[in-house]
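Bear in mind these aren't lab numbers, they're just calculated from the coordinates by the rules spelled out. Please read all numbers here as calculations on a predicted model, not as lab measurements. Reconstructed Cβ throughout: ideal geometry from the backbone, glycine too, with neighbour counts over all protein chains shown.
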Amino acid sequence: MIRTGYLGLWELFRRPISTGIIFPCAAYYEHRARDPEQARQIVQQALNELRRANQVGDIAPGAYREIKARFDRRMERLERKTRRPLLDVLPLPAQA
């Protein structure tokens, strides 16, 4: 799950959805800590919360679309960064 530290702040501001803290947290893990997988987890949790807020009517439809588009763009980038290249997945031939 999410590690403590910088993300402890994210937990405090997570309800209602606060893109003001979520985006900097994801950016921190993506660029500073060089941990795109952790950043991807943050964005995924934020997307889940955003969907929940939309379902119960806690967020206006226009704001939902705008925020979701930002999260989706970041998620696409993070998924590209966390995907292993095909050559890394293939086994190396045995040396004789």
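Figures for the structure shown
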| quantity | calculated |
| --- | --- |
| Rough spin-label spacing in nm, given labels placed 7 Å along Cα→Cβ, for residue 81 and residue 27 | 1.2 |
| Ranked packing of 39-48, 55-64, most packed first, by mean Cβ within 10 Å | 39-48, 55-64 |
| Fully extended contour minus Cα-Cα distance, from residue 58 to residue 44, at 0.36 nm per residue | 3.2 nm |
